[in-house]
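The values are calculated or read from the model by the stated rules, or taken from the named source; none is laboratory data. If you're wondering where the values come from, they're calculated on a predicted model, not measured in any experiment. Cβ atoms come from the backbone with ideal geometry, glycine included; neighbour counts cover every protein chain shown. Remember, those area values only see protein heavy atoms, side chains included, never the ligands or the DNA or RNA. Shrake-Rupley method; radii C 1.70, N 1.55, O 1.52, S 1.80 Å.
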Amino acid sequence: MKVFEKLGVAVVGTGYFGRFHARVFKELPEVYLCGVFDTDIKRAETVAREIGSRTYREFEELLDDRNVEAVNLCVSDQAHREPATNICRAGKHLLVEKPLATTIEDCDAIIEAADKAGVKLMVGHILRYDPRYRIAREKVIEGEIGDIIQFYARRSNPIIAARRLGDRCGKYTVIYHNAVHDLDQMLWTLPGDKIKASAFSREGLLQSEGIGVSDAVVTILKFENEAVGLMENCWALPEEHPMLIDAVFEITGIRGKIIIDARQQGLAVFKHHGGFEYTDTMYWPEFKGRVGGALKEELSDFVRCGIWDHNAECGRPLILPLPYQQLLLSHHSPQS
Ligand SMILES: NC(=O)c1ccc[n+]([C@@H]2O[C@H](COP(=O)([O-])OP(=O)(O)OC[C@H]3O[C@@H](n4cnc5c(N)ncnc54)[C@H](O)[C@@H]3O)[C@@H](O)[C@H]2O)c1
């Protein structure tokens with residue numbers, strides 16, 4: 001156990017999300033941000049300059065830096081395996097952004113590398129740090145609504161999400177990027193390995209823009225305890241949609257029901273002359289240049305694990321269940 005010391009952290013991947021992570025680590029008093037790395041060196045330099053940190057020119061330089069005790073991996077979903085396994089082999093704790101990886105083989109390789117090296121492995125499932133979702137789960141565990149009958153989850157975004165992320169995880173990128181949040185929440189609330197899934201997708205609008213991903217995917221789930229679930233994920237909401245994250249989560253039990261309306265962040269800003277703003281108050285909101293919310297909670301939990309050798313509140317990482325993956329890979333869209 002360390003006393004009066006900081007945890008040395010580095011951030012790998014300084015794109016959209018890594019920039020926020022680097023900023024939070026820079027602000028956490030119990031962290032020394034050793035530096036950032038991105039294969040796009042210009043991007044890394046921009047972020048380093050903005051937050052007052054340094055860049056590593058090569059990934060190996062970061063791995064060899066003995067001050068780096070923990071690494072936050074924020075690279076694209078499909079590219080986690082190689083850097084993640086190398087970080088573990090170098091003996092550094094690892095926080096990998098969700099999803100852990102996009103194939104079972106990659107997930108297994110990362111878990112094996114972490115177990116072999118004896119380092120902490122945490123997956124950044126941010127909903128586990130959103131007070132609404134964690135309280136909902138507590139209520140289920142305390143038996144307030146009895147045995148679960150069904151889950152319902154929706155997590156959709158305006159079309160700008162698809163334009164930014166594209167088909168980096170293939171046709172069903174919206175599943176790897178969005179659905180994984182709610183699926184993790186369901187399995188965190190109702191653990192069980194045996195899950196059946198069936199999915200249907202619709203293609204057309206995004207493909208007409210040259211983006212090779214489904215407009216929407218609907219997934220039907222059956223859990224080990226006989227509970228059923230439904231997930232909707234759409235990346236084709238209008239650009240002007242007033243919410244950046246259109247998310248709802250419901251749990252129906254034999255004695256009650258829990259509803260999380262995550263569309264409402266409690267703050268709406270509408271302007272004359274057609275202007276509007278997506279305003280985040282829950283996930284990584286900014287106030288006076290500092291980043292807070294669930295992201296800060298998540299990263300603080302990771303740091304506590306590194307410093308005090310705790311296990312993350314987050315627990316085991318979610319691996320996209322195999323039948324679900326196979327189904328998505330093999331199903332036919334209603335159009336075909
Ligand atoms: N929890 C959430 O709500 C949330 C939100 C957004 C993104 N994410 C996750 O964060 C991760 C990053 O997403 P993003 O939106 O920032 O993507 P992004 O494309 O904006 O950034 C990815 C960055 O990684 C860099 N990169 C790629 N391979 C690399 C490698 N091997 N080594 C170093 N750098 C590499 C790229 O150059 C790029 O700068 C993804 O896993 C994504 O799912 C999570």
Some residue of the stretch 153-174 being at pLDDT below 90, under 29 Å from Gln207 (Cα atoms) and within 12 Å of the ligand (Cβ to nearest atom): yes
Qualifying positions in the stretch 66-84 - in a helix (DSSP H, G or I), open to solvent by 10 Å² or more (accessible area, probe 1.4 Å) and more than 7 Å from the ligand (Cβ to nearest atom): Gln78, Arg81
Strands (runs of 3 or more DSSP E) wholly inside the stretch 159-235 containing at least 3 residues that are more than 21 Å from the chain's Cα centre (by Cα): 196-202
Enumeration of residues in the stretch 119-142 that are in contact (Cβ under 8 Å) with a residue 24 or more places away in the chain and in a loop (DSSP other than H, G, I, E, B): Val119, Lys120, His125, Asp130
Residue within the stretch 26-48 that is under 25 Å from Glu297 (Cβ atoms), touching a Gly at 6+ places or on another chain (Cβ under 7 Å) and of a type in the set (Val, Ile, Thr) present: no
Pair list, Cβ < 9 Å and 6+ apart or interchain, from the stretch 275-298 residues that are assigned by TED's automatic domain parsing to the domain that holds Lys26 and open to solvent by 80 Å² or more (accessible area, probe 1.4 Å) to residues that are hydroxyl-bearing (Ser, Thr, Tyr) and within 13 Å of the ligand (Cβ to nearest atom): Glu297/Tyr129
Count of residues meeting criterion [farther than 12 Å from Asn72 by Cβ and within 15 Å of the ligand (Cβ to nearest atom)] in the stretch 122-133: 8
First in the stretch 255-273 and in the same structural domain as Ile149 (by TED's automatic domain parsing), second anywhere and of a type in the set (Ser, Thr, Tyr), Cβ under 7 Å, 6 or more apart: Ile260/Tyr133; Gln265/Thr279; Gln265/Thr281; Gly266/Thr281; Leu267/Thr279; Leu267/Thr281; Val269/Thr279
Filtered residues of the stretch 2-29 (kept if open to solvent by 60 Å² or more (accessible area, probe 1.4 Å) and away from the ligand (no atom under 11 Å from the Cβ)): Val3, Phe4, Glu5, Lys6, Lys26, Pro29
